[in-house]
Amino acid sequence: MAPGTQIGRCYKVIAALLQGQELDRRAIADLIGVEPAAADVHINTLIAEVPGIKERRQRHRRTIKLTGEAALGAASRPLAVAACFGASLARLFRGTPYESLFGEVRQGVVRRVKKPRDFDEVRRKFLFITQADEVALPDRLAILDDLVEAVLKQQRVLIEYTGFEGDKRSVELSPWSIAVYDHQLYVLGVGESTMLRAYRLSRITEARVRVKTFTYPERAAYDPENLFRDTFGIFVRGEDPVEDVVLRLSPRWKTYARSHRWHSSQQVSEDGIGRVLVRMRVRTCSEFEAFVLGFGGEAEVLEPASLRRRVAAHVRALHERYRDVLPPPLDRAATSKRSGSTKEKGVGRS
């Protein structure tokens, strides 16, 4: 036998198994050109040495097949890292079967990499950091499961929903997607109107899946990436206009603004005296107003004028609410007079 012939025969058998074939002694004998007795030796060796090889006997016929994770072949390191990042979302589903299933997927991929020991302590090496998980889980796991089935099977669903201001209503909708936004779960669907709405899982108190199905929209009619391209949050409301926004931030935000992306349309520049200009094209909704107000006095809306007025109204309301602890306003005339008097006495800045 020529050198390497035996190894080559083993490779041929393993290659056939990796392709999903179920082999008996005759099939192996024909594949590698040996007698059936020699094929039995290959079968015994593969069962003993190769993980994932399963033997099955039917009367006098014995077959082997590669099953389970081994049948999937080796996993690349990038695939394993991706599985680790994906599994870090498990904490959002704390207390539900989804939490452990994320871990099982990660473990199944990591076991198939060339050096699985490199992935020790992966829970601490690849992180999704959030300060909270989904408040509706695990109490409303059954509702989530029903909604998942409705999305997969394209079935209408009747939900009992509590709005932001506490109003309760029944909504029958076609659920198009289940989305994660800011550690919360939402159902995106269309009800009696043709407008797509986001319904927060924590405010769905009941869900009844209907027998009636719906046709899933074509990508041209519903593409989540395009849908949320101009939004600044999860809620999409037609009455909120998409506008070109210009914010001016104080100088200390320069490095952060240049290294952080709040929105895909964001452009950052300077105004010539060190202050940062941030331009975006977004839907100027209440969520965006809250974003601007989050900077406190270190942000100013330059455009559009309508947004500037709305933010100013919020600031005025805040002033009224905290006026009991605010210092008294400066009297500009008195301040100017004192400044002029000081100059007349010959006292200047050092």
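Readers should treat all values here as calculations from the given coordinates under stated rules, not as data from a laboratory. Everything numeric here is computed off the predicted structure, so don't read it as measured data. Positions of Cβ are generated from backbone atoms using ideal geometry, with glycine treated the same way; all protein chains shown enter the neighbour counts.
Helix 141-153 sits at what angle to the longest principal axis of the chain, using alpha carbons and giving 0 to 90 degrees rounded to 10? With rounding to tens, the tilt is 70 degrees.
Where does the charge balance sit around Thr213 when Lys and Arg score +1, Asp and Glu -1, over other residues with C-beta under 11 Å from its C-beta? Neighbour charge sum, excluding Thr213 itself: +4. When shorter helices are ignored and each DSSP H run of at least 4 residues is given -39500 (n - 2.57), the per-residue value for the chain at 222 nm works out to -10500 deg cm²/dmol.
Sorted fewest first by neighbouring Cβ atoms within 10 angstrom, Ile234, Ile64, Ile47, Ile273 come out as Ile273, Ile47, Ile234, Ile64.
Taking the chain as the region of interest, the number of lysine pairs whose Cα atoms are within less than 28 Å, with members eight or more places apart or on different chains, is 15. The calculated FRET efficiency for the pair His314 and Lys114, based on their C-beta separation and a Förster distance of 51 Å, comes to about 0.35.
Based on the alpha-carbon gyration tensor of the stretch 141-227 and its eigenvalue square roots a ≥ b ≥ c, which shape applies: rounded if a/c is under 1.5, prolate if not and a/b is larger than b/c, or oblate? Rounded is the answer for the stretch 141-227, as its axis ratio a/c remains below 1.5. For trypsin sites (Lys or Arg not before Pro), the sites in the stretch 277-325 that DSSP calls loop and that have at most 16 other Cβ atoms within 10 Å are Arg323. Taken over the stretch 77-125, the convex hull of the Cα atoms encloses 61 Å³ per residue. Counted without the sites themselves, the longest stretch of the chain free of GluC sites (Glu not before Pro) in a DSSP loop having at most 14 other beta carbon atoms within 10 Å is 240-350. Is the stretch 5-71 rounded, prolate or oblate when judged by the Cα gyration tensor, a ≥ b ≥ c being the square roots of its eigenvalues, rounded requiring a/c under 1.5 and prolate requiring a/b larger than b/c? Since a/c reaches 1.5 but b/c is at least a/b, the shape of the stretch 5-71 is classed as oblate.
The trypsin sites (Lys or Arg not before Pro) of the stretch 20-92 meeting both criteria, a DSSP state outside H, G, I, E and B (loop) and at most 12 other C-beta atoms within 10 angstrom of the site's C-beta, are Arg59.
Note on Ala74 and Gln6: their simple-model spin labels are 2.3 nm apart, each label 7 Å out from Cα toward Cβ.
Checking (1) 160; (2) 135; (3) 287 against the coordinates, the calculated volume of the Cα convex hull per residue in Å³ falls under label (3). Taking other residues whose beta carbon is less than 13 angstrom from the beta carbon of Cys285, and scoring Lys, Arg as +1 and Asp, Glu as -1, yields -3.
For the chain, the dipole from Cβ point charges (+1 on Lys and Arg, -1 on Asp and Glu) about the Cα centre works out to 920 debye, to the nearest 20. Entry note, the chain: relative contact order of 9 percent, from Cα contacts under 8 Å with a spacing of 6+ residues. Quote the FRET efficiency, to the nearest 0.05, computed for Lys153 versus Tyr181 with a Förster distance R0 of 22 Å and r equal to the Cβ-Cβ distance. With R0 = 22 Å, the Cβ-Cβ based efficiency is 0.40.
Taking the number of Cβ atoms within 10 Å of each Cβ as an exposure proxy, the fewest-first ranking of Leu307, Leu66 is Leu307, Leu66. Can you work out the FRET efficiency for the pair Val242 and Gln107, with r the C-beta to C-beta distance and R0 = 45 Å, to the nearest 0.05? My answer for the efficiency is 0.55.
Computed as a quarter of the hull surface, the mean projected area of the alpha carbon convex hull for the stretch 242-321 stands at 5.2 nm². Using Cα atoms only, what is the angle between the long axis of helix 305-321 and the major principal axis of the chain, expressed in degrees (0 to 90) to the nearest 10? Result, in degrees: 70. Cβ crowding within 10 Å, taken as a proxy for footprinting-reagent exposure, orders Asp240, Asp167 from fewest neighbours to most as Asp167, Asp240.
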